[in-house]
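No lab work stands behind these numbers, since they all come straight from the coordinates. Here the structure is a predicted model, which is why all the values come from computation and not from measurement. Note that each Cβ is placed from the backbone with ideal geometry, even for glycine, and that neighbours are counted across all protein chains shown.
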Amino acid sequence: MLQILYETISLAAAFGVGLYVFRYMSTFFRIMFLQLLIWIVFYILSYVVTMWQEAHQLPCDNQLLLNLHMLIETILLTTTAAVAFSSAWGKWLASAALGSFLTVFVWQGAPYGFSIYLNAADVTECIVISVLFALLLYRHFSNPGPIWWRSPEVLICLGILIYFACSVPYIAMMHYIERQYPGISVMLFQGISELLNNIRYLLTAIAFWFIRRNALLLKRAK
């Protein structure tokens, strides 16, 4: 029970705040909210699948679901980046990033099937999303604007960058760690992946809250 609470508290916060401020969101944030909603659905489905497998004494395996989520998440996040970029080269870069991911996803999944963990595709996702959102952050910091910690765009980009960039070393070595050090594999997953996920969606919740706050400040200024 404590494990589920640890995994879902930031998700619940981001979902609740996002639902409250949805009508104030731009297209950029609405796609982000859709990505959050899809992850919540997949998170619930992963538990349903593993519980069904345990009840029927089958090996617990939800990799197909996770790979499908990886595909949808990358499509949504690269689309979000394309929406955020105003220049043609930025939109081209987002399309190239998605194309690179899809190439690796099919290259790794086609020969072995999509029901195994596609670690190369996962690393590719982390790299291309990190590059896109680092560029978005650079653009925000290069232009005069509100204090960065009050900017919903900066906060949400920062959360995504922290999650994906910091995940690269762990994901790249995941298979090796599972083979050589199976005893610490679960501990590393909880200490790295789940912690980064909580940071990501906590910053998402704060970003959503600032959308409403900034809308109220703008209304009062008129």
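Listed values, structure above:
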| item | result |
| --- | --- |
| Length-normalised contact order of the range 2-221 in % [C-alpha pairs under 8 Å, at least 6 apart] | 27 percent |
| Phi to ³J(HN,Hα) by Karplus 6.51 cos²θ - 1.76 cosθ + 1.60 over the range 40-52, Hz, x for Gly, Pro | 4, 4, 5, 4, 5, 4, 4, 5, 4, 5, 5, 5, 5 |
| Order by protection proxy (mean Cβ within 10 Å, highest first), peptides 65-74, 176-185, 105-114 | 65-74, 105-114, 176-185 |
| Radius ratio Rg over Rh of the range 2-221, counting only Cα atoms, Kirkwood formula for Rh | 0.99 |
| If the convex hull is drawn through the Cα atoms of the range 92-206, its volume per residue in Å³ | 106 Å³ |
| Theoretical ellipticity at 222 nm over the chain - DSSP helices of four or more residues, -39500 (n - 2.57) apiece, nearest 500 | -28500 deg cm²/dmol |
| Pairwise FRET efficiency - ALA88 versus TYR6, Cβ, R0 = 45 Å, nearest 0.05 | 0.55 |
| Theoretical gain in end-to-end length, SER115 to SER142 [0.36 nm per residue, Cα-Cα removed] | 5.4 nm |
| Top of LEU118, LEU58, LEU135 by mean-square fluctuation, Gaussian network on the chain, Cα under 10 Å | LEU58 |
| In order through the range 165-172: 3J(HN,Hα) via Karplus (6.51 cos²θ - 1.76 cosθ + 1.60), integer Hz, x for Gly, Pro | 5, 6, 7, 4, x, 5, 5, 4 |
| Label-point separation, GLU54 to LEU102 (7 Å along Cα→Cβ), nm | 3.8 nm |
| GNM flexibility winner over the chain from GLU125, GLU194, GLU54 (Cα, springs under 10 Å) | GLU54 |
| Relative contact order of the range 97-194, defined on C-alpha pairs under 8 angstrom at six or more residues apart (%) | 27 percent |
| Choice from LEU132, LEU77, LEU93 showing the highest fluctuation, given a GNM over the chain with Cα pairs closer than 10 Å | LEU93 |
